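The values are calculated or read from the model by the stated rules, or taken from the named source; none is laboratory data. Every value quoted in this text rests on a predicted model; they were computed, and no experiment measured them. As a convention, Cβ positions derive from the backbone with ideal geometry for all residues, glycine included, and neighbour counts pool all protein chains shown.
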Amino acid sequence: MAADVANPVRLRVPAIGVSTRVTPLRLDAKGRLVAPERFDRVGWNKAGPEPGEQGVAVIAGHVDSATGPAVFYRLRQLRKGDRVHVDRADGSTATFVVGRLARYPKSRIPNKEVYGSGRGAELRLITCGGTFDRTRRSYRDNLIVFAR
């Protein structure tokens, strides 16, 4: 098993012009990732692996806010082969390559496929997508980027 790596501090996704700080995120009482408080930053699931460690690391960010686009607004524009860089507290960088994007209804996320550990270090970037449900004040789907 790979040794622990330093915590993520910055996410850079050149293909969509993202460079932002990473903050730690906790899980709620039902085991769901709590969204970042700020719309211009992303958060990392501190209950899981750090990006670059063995397993699936998860970084989440908002797609928009009441005032306009948020940090992951252009996430849907990523394509296979695009690079994602995660700068860590020790000055090192973990680089991942986008393999695919998928959209799932929030009520039917295939947890094993999304969060299950594959081989080596993997990364998932997650934001909201699909239709906005005005009654629930939430998007119906999640957009997920699979990278390794």
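Restricting Arg88, Arg124, Arg148 to residues that are surrounded by fewer than 18 Cβ atoms within 10 Å (Cβ to Cβ) and either farther than 24 Å from Ala6 by Cα or among the charged types (D, E, K, R) (or both) narrows the list to Arg148. All conditions but one from (1) touching a Lys or Arg at 6+ places or on another chain (Cβ under 8 Å); (2) modelled with pLDDT of 95 or more; (3) not small (Gly, Ala, Ser) apply to Leu75; the one that does not is (1).
Residues in the stretch 91-106: is at least one modelled with pLDDT of 95 or more and not in a strand (DSSP E or B)? Looking through the stretch 91-106, at least one residue is modelled with pLDDT of 95 or more and not in a strand (DSSP E or B). One residue stands out among those in the stretch 96-113 that are β-branched (Val, Ile, Thr) and touching a residue at least 40 places away in the same chain (Cβ under 8 Å): the one that is nearest to Glu53 (Cα to Cα), which is Val97. Only residues that are out of contact with any helix residue (DSSP H, G or I) (no Cβ under 8 Å at 6 or more places or on another chain), outside any loop (DSSP other than H, G, I, E, B) and of a type in the set (A, V, I, L, M) were counted in the stretch 19-68, giving 8.
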